Amino acid sequence: MNHSKTQPGRRAVTKTMLTGLCSTILAMAGADTWAQTTTYPDRPIKWVVPVPAGGGMDAVTRIVSAGMATALNQPVIVDNRTGAAGTIGTGYVAQSAPDGYTVLTIDNSLFTTAHLVFSKLAYAAPKDLKLVATLVRIPLVLAVPGDSPNKNFQDFIQSSKDNPGKVSYGSPGVGSPLHVGMELLQTRTGTKMQHVPYRGMGNILTDLSTGTIGAALVDFGSARSFAASGRIKILAVATEKRLSQLPSVPTLDELEVKNVPISLWFALAVPAGTPEAAVTRLAHAAQLSLESPEAKSKFETIGAQVFLKTGPEVTAFSREQVAFWESIVKPMAIKLD
């Protein structure tokens, strides 16, 4: 009898104990989550650049990483992991642990279309990588040799129409934004030129300045000194507005070449599945670095424009860019093994 009378009380005690235990577990889980959020990063971060040192992507990475190291209070180690037109380094990060300690600089083509062009890739960047933040945009310009008889864009287009397939142009590789941009330009203007792929921008500009090739779509940062010395002529800019450094050079839109919104952009990416707390921390550090006067001054010297997007904005941007570039590249049916 006594045993049965005390049963409700025991149930009440048990319920109270369970409630307390659950509260303790939830509190511990919350504390653990908070600890992960507030202590990341607690060791150095490896920042992979999938192209050789010395180019625009490498320069941008080193400028941004220096500021981010200060913001994160941890070393950020730049690792140039090159090969196969940037796909080796990109694949390395795509297949790395999604813990926020291996990050990547990626550009238009490596993120949006490389998986369409290279048939043997073991990853697809839009699926296996997540953009943390866009960093900079580098304007592209259409250039010809300095001694070219083409004095302006109209002359160049007419000459190309008069000599179909005889005017050659260079690019850093099949499927690159600069290759795709020139192919799009030909479609819009009804011209036909001969593509000559190169390994790097330096070789393109050297051959352009000597007349070995007849034209190229190049990034303004690399072309700047060649144009200043008269070794090349810039006929148009592929930007929405004229560049302040080239006030007399018209945009393609002004020249009635519509819908060629081509630019070279670089972004910070991490493996898909990286904790949102780490993504947010990295994005904030990138913003602090990009907004620093030191970074802005250095970007000016290489012709780069701060182009910051984070959070939902960068997610929307990544989807738009994948759709845009795929719509251009898929019809070209470019395949590389």
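The values are calculated or read from the model by the stated rules, or taken from the named source; none is laboratory data. Since the structure is predicted, the reported quantities are computational estimates derived from the model, not experimental observations. Reconstructed Cβ throughout: ideal geometry from the backbone, glycine too, with neighbour counts over all protein chains shown. Note: accessible area is taken over every heavy atom of the protein model, side chains too, but ligands, DNA and RNA are not part of it. Shrake-Rupley method; radii C 1.70, N 1.55, O 1.52, S 1.80 Å.
Things to note:
- Spacing of the two label points (7 Å from each Cα toward its C-beta) at Ala84 and Thr206, in nm: 2.8
- In Å², nearest 10: area of Asp79 left accessible to a 1.4 Å probe: 40
- In percent, rounded to a whole number, the relative contact order of the chain is 26, using alpha-carbon pairs under 8 Å and six or more apart.
- Remark: segment 287-303, residue by residue, has Karplus-estimated 3J(HN,Hα) of 4, 4, 5, 5, 8, 6, x, 4, 5, 4, 5, 5, 4, 4, 5, 10, x Hz, where x stands for each Gly or Pro and the curve is 6.51 cos²θ - 1.76 cosθ + 1.60 at θ = phi - 60°.
- Sequentially through segment 60-73, phi angles give Karplus couplings (6.51, -1.76, 1.60; θ = phi - 60°) of 4, 4, 5, 5, 5, 5, 4, x, 5, 4, 5, 5, 8, 6 Hz, Gly and Pro residues having no value and appearing as x.
- Solvent-accessible surface (1.4 angstrom probe) belonging to Met68, in square angstrom, nearest 10: 10
- Distance between segment 260-276 and segment 89-118 - C-alpha centres, whole angstrom: 9
- Heavy-atom SASA rank of Lys258, Lys233, Lys151, Lys330 (probe 1.4 Å, accessible area, largest first): Lys151, Lys330, Lys258, Lys233
- Judged by the gyration tensor of its Cα atoms, with axes a ≥ b ≥ c, segment 164-252 is oblate; a/c meets the 1.5 cut and b/c is at least as large as a/b.
- Whole-Å distance, taken between Cα centres, linking segment 39-79 and segment 211-253: 30
- With protein chains left intact and a 1.4 Å probe, residues in the chain average 48 Å² of accessible area per residue.
- Share of carbon and sulfur in the accessible heavy-atom surface of the chain [1.4 Å probe, %]: 56
- Cα-based shape type of segment 215-337, given that a ≥ b ≥ c are square roots of the gyration tensor eigenvalues and the cut on a/c is 1.5: oblate
- Expected 222 nm ellipticity per residue - DSSP helices of 4 or more, -39500 (n - 2.57), all of the chain, to 500: -14500 deg cm²/dmol
- Under the shape rule built on the C-alpha gyration tensor, where the axes satisfy a ≥ b ≥ c, segment 140-293 is prolate, since a/c reaches at least 1.5 and a/b is greater than b/c.
- Subset of Lys130/Lys330; Lys130/Lys258; Lys241/Lys330; Lys192/Lys233 violating a 24 Å alpha-carbon distance limit: Lys130/Lys258; Lys241/Lys330
- Close amide-amide hydrogen proximity is noted between Lys309 and Thr134, each under 5 Å apart and 5 or more residues distant or on a separate chain (H modeled in the peptide plane; Pro and chain starts excluded).
- Stokes-Einstein D for segment 134-213, Kirkwood Rh over Cα pairs, 37 °C, 0.692 mPa s (µm²/s): 247
- Taking the centroid of alpha carbons for each part, segment 314-337 and segment 126-188 are 17 Å apart.
- Nearby aspartates and glutamates by direct alpha-carbon distance to Lys166 (threshold 20 angstrom, same-chain neighbours under 8 apart not counted): Asp147, Asp155, Glu183, Asp207
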